[in-house]
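Chemist: Structure provided below as structure tokens; questions to follow.
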Amino acid sequence: MTEEANRSDSSKIGTASDDSITQGVMRRSLMKGATAAGAGAFVSTNLAAATDGGKQMEDSDSTLAETPPMGWNSWNTFACNVSAGLLKETADALVESGMKEAGYEYVNIDDCWMTEERDENGNLTPDPEKFPNGIDAVADYVHERGLKLGIYESAGTNTCAGYPGSLGHEERDAQMFSDWGIDYLKYDNCGDHHGLSAIERYTRMHEALEATDREIVLSICEWGNNDPWTWGPDVGGSLWRTTGDIKPLWTATEDTWYHGVIDIVDMNEPLSNYAGPGHWNDPDMLEVGVDIDGYPGLSETEDRTHFGMWAMMAAPLIAGNDVRNMSDTTRAILTNEEVLAIDQDPAGNQGRRIQNTGGADGTEVWSKPLANGDRAVALLNRDDATSTILTSTREVGLDDASAYTARDLWDGVDTVTAGLIGASVPAHGLAMFRVGRGAKDAAPGAMISISTDEPTVGPGESRELTVTFTNHAPNALKTVSVTLEAPDGWESEPATATFRDITAGPSVEGGSGPENDASTDWTVRPPRDVESDGYELAATAEFADSTSKTTFELTVESS
Ligand code: GLA
């Protein structure tokens with residue numbers, strides 16, 4: 001059976017049937033029974049949401065997933081091409097690449113690991129070609145490297161790829177998994193359900209796992225069809241999928257059963273009340289660095305946004321790329337310690353959207369309260385052009401103070417702000433900060449941006465741009481010098497611009513007025529023989545021993 005064979009419903013935002021055996025069905029009215037701060041997905045400002053760290057669920061007594069589980073899974077890149085060799089090489093690569101040290105712990109085999117029938121005793125059998133020495137040999141290999149092994153089954157008569165399911169065989173299968181040394185079970189929803197509800201079917205497997213002498217994480221994968229966030233912890237679930245399957249793309253068209261990263265962000269956001277230590281919303285596995293036929297994949301900027309947003313949402317981080325052959329960029333994204341610390345923060349809050357200009361192309365501000373009182377703040381640009389996104393320490397939910405330190409989580413640079421937090425964010429980009437009260441000995445916070453009414457220019461023609469510098473720091477700046485870097489062969493005027501005596505940024509405690517910014521016009525002209533394409537311009541401001549930089553894409557179009 002093919003991957004798609006079990007799926008008859010292809011609607012992206014359809015209404016869920018109570019116990020659907022198909023997938024791709026997703027509820028938008030997710031807040032049944034919740035005290036729904038953030039229930040409206042497109043609230044423009046929701047200060048209460050940012051300051052309320054309250055939980056819908058009592059923390060469960062499970063200690064298996066106190067922070068969101070981290071690991072790797074075969075499905076997103078390899079689909080049915082699983083084997084002992086792949087698993088072992090992946091375990092080695094997790095160790096060698098530093099991913100294990102960064103926290104990636106589970107090595108998870110997804111669908112297609114078994115033969116098409118149970119054996120004469122009713123036992124599941126690992127495919128002898130893919131796993132010639134059985135699953136236990138792989139478990140040993142993985143455990144010897146300090147990692148844990150996960151496996152996949154389905155709470156129906158078959159798996160989504162058509163292999164035997166566990167419904168009616170829960171005790172036997174759970175015992176087998178335990179005997180093999182399995183540490184994590186992703187339990188899917190495909191196959192016939194014999195009229196049993198999802199709660200009944202997942203409870204059965206939970207009880208079967210409990211009856212073994214091994215601690216096995218139960219990862220519920222019923223695609224959010226039956227509001228698993230309302231019952232997942234009660235049936236021993238440490239995490240539950242909230243949506244249909246992710247694919248490596250930014251956003252999917254309306255008529256597909258799978259979703260892009262940004263679609264999933266919208267579906268997972270209203271569920272923040274249900275996440276907490278031991279029980280997590282699972283917006284599906286990571287597509288960072290995933291390159292598969294039939295899908296566009298994500299750009300480097302989109303990969304970073306995907307990863308950063310999963311961290312903001314306290315999502316399980318299960319890498320889905322080929323870690324044996326990943327680029328340095330992919331590895332750097334996946335092992336970014338400061339972003340991982342946001343995901344793994346012990347308070348376990350799922351961040352919320354607190355500002356939204358609305359629509360598919362909007363800009364958003366997200367805030368996640370952290371255990372030490374700081375806030376993780378993310379500025380998300382869904383638009384296809386660079387956008388300036390601005391928020392304040394008050395809006396993100398921090399108590400008033402005379403100054404704050406904002407640490408940029410991508411470049412690790414601290415800056416001091418009187419209250420404004422902002423950045424010029426590239427198309428599909430995500431600026432991310434950790435913001436806390438008090439001024440560290442760090443550079444003044446500032447923002448530089450480039451704007452124009454018309455982001456296009458003809459060959460040999462001029463385009464006027466406005467470069468704006470905004471001071472966020474609690475002190476005035478004497479001199480700011482700005483340069484604009486255009487591609488080779490382009491004319492650009494002036495060579496530099498100097499702004500003087502820029503007032504301190506506005507403070508949450510009141511204070512300075514609006515004169516904390518300065519702007520100037522710049523004229524750029526590409527050569528006559530330039531090719532039609534997008535060209536990057538970069539503006540850099542230098543002030544008080546520090547710099548602030550932004551880029552902007554100008555499109556050359558011949559008429
Ligand atoms: C479902 C799950 C996926 C994957 C496949 C395997 O689609 O949602 O994550 O496990 O099944 O067939």
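The values are calculated or read from the model by the stated rules, or taken from the named source; none is laboratory data. As the structure is a computational prediction, the values presented were derived from the model and not from experiment. Please note: Cβ atoms are built from the backbone with ideal geometry, for glycine as well, and neighbour counts cover all protein chains shown.
Chemist: Output the residues belonging to region 136-149 that are closer than 15 Å to residue 89 by Cα and either surrounded by 22 or more Cβ atoms within 10 Å (Cβ to Cβ) or touching a residue at least 40 places away in the same chain (Cβ under 8 Å) (or both).
Modeler: Across region 136-149, the qualifying residues are 137, 138, 139, 140, 141, 142, 145, 146, 147, 148, 149.
Chemist: Which of (1) within 19 Å of the chain's Cα centre (by Cα); (2) surrounded by fewer than 22 Cβ atoms within 10 Å (Cβ to Cβ); (3) of a type in the set (Val, Ile, Thr) does residue 413 not meet, given it meets every other one?
Modeler: Checking residue 413 against (1) within 19 Å of the chain's Cα centre (by Cα); (2) surrounded by fewer than 22 Cβ atoms within 10 Å (Cβ to Cβ); (3) of a type in the set (Val, Ile, Thr), the one that fails is (1).
Chemist: Another question, if that's okay. Of the residues that make up region 114-124, is at least one surrounded by fewer than 17 Cβ atoms within 10 Å (Cβ to Cβ), within 17 Å of residue 181 (Cβ to Cβ) and either modelled with pLDDT of 95 or more or within 16 Å of the ligand (Cβ to nearest atom) (or both)?
Modeler: Checked region 114-124: at least one residue is surrounded by fewer than 17 Cβ atoms within 10 Å (Cβ to Cβ), within 17 Å of residue 181 (Cβ to Cβ) and either modelled with pLDDT of 95 or more or within 16 Å of the ligand (Cβ to nearest atom) (or both).
Chemist: Within region 71-100, restricting attention to residues that are among the aliphatic types (A, V, I, L, M) and within 16 Å of the ligand (Cβ to nearest atom), which residue is surrounded by the most Cβ atoms within 10 Å (Cβ to Cβ)?
Modeler: Of all residues in region 71-100, those among the aliphatic types (A, V, I, L, M) come to 79, 82, 84, 86-87, 91, 93-95, 99.
From what's left, within 16 Å of the ligand (Cβ to nearest atom): 79, 82, 86-87.
Working: 79: 15, 82: 20, 86: 19, 87: 25.
For region 71-100, the residue satisfying everything is 87.
Chemist: Additional query: What number of residues within region 81-91 satisfy the criterion of being among the aliphatic types (A, V, I, L, M) and in a loop (DSSP other than H, G, I, E, B)?
Modeler: First, pick out the residues of region 81-91 that are among the aliphatic types (A, V, I, L, M): 82, 84, 86-87, 91.
When the remaining residues are screened for being in a loop (DSSP other than H, G, I, E, B), the result is 82.
The number of residues fulfilling the criteria is 1.
Chemist: Here is a follow-up. Among the numbered criteria (1) over 13 Å from the mean Cα position of the chain (by Cα); (2) touching a residue at least 24 places away in the same chain (Cβ under 8 Å); (3) surrounded by fewer than 24 Cβ atoms within 10 Å (Cβ to Cβ), which single criterion is violated by residue 340?
Modeler: Status for residue 340: all satisfied but (1).
Chemist: Quick one: in region 209-225, which of the residues that are surrounded by fewer than 22 Cβ atoms within 10 Å (Cβ to Cβ) and not basic (Lys, Arg) is nearest to residue 314 (Cα to Cα)?
Modeler: Among those that are surrounded by fewer than 22 Cβ atoms within 10 Å (Cβ to Cβ) and not basic (Lys, Arg), it is 215.
Chemist: Is it the case that some residue within region 320-334 is charged (D, E, K, R) and within 14 Å of the chain's Cα centre (by Cα)?
Modeler: No: zero hits.
Chemist: Which pairs do you get when a residue that is farther than 19 Å from residue 222 by Cα and of a type in the set (A, V, I, L, M, F, W, C), found in region 165-176, comes within reach of a residue that is part of a loop (DSSP other than H, G, I, E, B) and modelled with pLDDT of 95 or more, reach meaning Cβ atoms under 9 angstrom, with the pair 6+ apart or on two chains?
Modeler: Cβ pairs passing all conditions: 176/123; 176/124; 176/182.
Chemist: Inside region 531-553, can you point out the residues that are in a strand (DSSP E or B), in contact (Cβ under 8 Å) with a residue 60 or more places away in the chain and under 23 Å from residue 499 (Cβ atoms)?
Modeler: 537, 539, 540, 541, 542, 543, 546, 548, 549, 550, 551, 552 - these are the residues of region 531-553 that are in a strand (DSSP E or B), in contact (Cβ under 8 Å) with a residue 60 or more places away in the chain and under 23 Å from residue 499 (Cβ atoms).
Chemist: Can you tell me which residue is nearest to the ligand (Cβ to nearest atom) among those in region 227-252 that are among the polar types (S, T, N, Q) and surrounded by 21 or more Cβ atoms within 10 Å (Cβ to Cβ)?
Modeler: Looking at the filtered set, the residue picked out is 243.
Chemist: Would you point out the residue of region 388-410, among those that are among the β-branched types (Val, Ile, Thr) and assigned to a loop (DSSP other than H, G, I, E, B), that is nearest to residue 363 (Cα to Cα)?
Modeler: Only one residue fits best here, namely 396.
Chemist: For the list (1) within 13 Å of the ligand (Cβ to nearest atom); (2) of a type outside the set (Ser, Thr, Tyr); (3) buried (at least 24 other Cβ atoms within 10 Å of the Cβ), I need the number of the one condition that residue 158 fails.
Modeler: Every listed condition holds for residue 158 apart from (3).
Chemist: Okay, next question. Determine if region 367-375 includes at least one residue that is in contact with a Pro (Cβ under 8 Å, 6 or more places away or on another chain), closer than 26 Å to residue 245 by Cβ and free of Cβ contacts under 8 Å to residues at least 60 places away in the same chain.
Modeler: So in region 367-375, the residues in contact with a Pro (Cβ under 8 Å, 6 or more places away or on another chain) come out as 371, 375.
Now drop any that are not closer than 26 Å to residue 245 by Cβ, which leaves none.
Looking for residues that are in contact with a Pro (Cβ under 8 Å, 6 or more places away or on another chain), closer than 26 Å to residue 245 by Cβ and free of Cβ contacts under 8 Å to residues at least 60 places away in the same chain, one finds none in region 367-375, hence no.
Chemist: Looking at region 235-248, I want the residues that are over 18 Å from residue 218 (Cβ atoms) and have a partner that is near the ligand (Cβ under 9 Å from one of its atoms) and among the charged types (D, E, K, R) with Cβ atoms under 9 Å, at least 6 apart or on another chain. Which pairs are those?
Modeler: From region 235-248, the pairs are 243/284; 244/7; 244/284; 245/284; 246/284.
Chemist: Residue 103 fails exactly one of the following numbered conditions: (1) closer than 19 Å to residue 285 by Cα; (2) in contact with a Gly (Cβ under 7 Å, 6 or more places away or on another chain); (3) more than 16 Å from the ligand (Cβ to nearest atom). What is the number of that condition?
Modeler: (2)
Residues are listed down the side, and each one gets a yes or a no for (1) assigned to a strand (DSSP E or B); (2) within 20 Å of residue 429 (Cα to Cα); (3) within 16 Å of the ligand (Cβ to nearest atom); (4) not basic (Lys, Arg):
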residue: 225; (1), (2), (3), (4): no, no, yes, yes
residue: 254; (1), (2), (3), (4): no, no, no, yes
residue: 264; (1), (2), (3), (4): no, yes, yes, yes
residue: 268; (1), (2), (3), (4): no, yes, yes, yes
residue: 287; (1), (2), (3), (4): no, yes, yes, yes
residue: 297; (1), (2), (3), (4): no, yes, no, yes
residue: 305; (1), (2), (3), (4): no, yes, no, yes
residue: 318; (1), (2), (3), (4): yes, no, yes, yes
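Chemist: Please go through region 199-223 and give me each residue that is assigned to a loop (DSSP other than H, G, I, E, B) and within 16 Å of the ligand (Cβ to nearest atom), ordered by number.
Modeler: 221, 222, 223, listed by residue number.
Chemist: May I pose another question? All but one of (1) within 16 Å of the ligand (Cβ to nearest atom); (2) under 20 Å from residue 121 (Cα atoms); (3) surrounded by 21 or more Cβ atoms within 10 Å (Cβ to Cβ) hold for residue 152, so report the exception by its number.
Modeler: (2)
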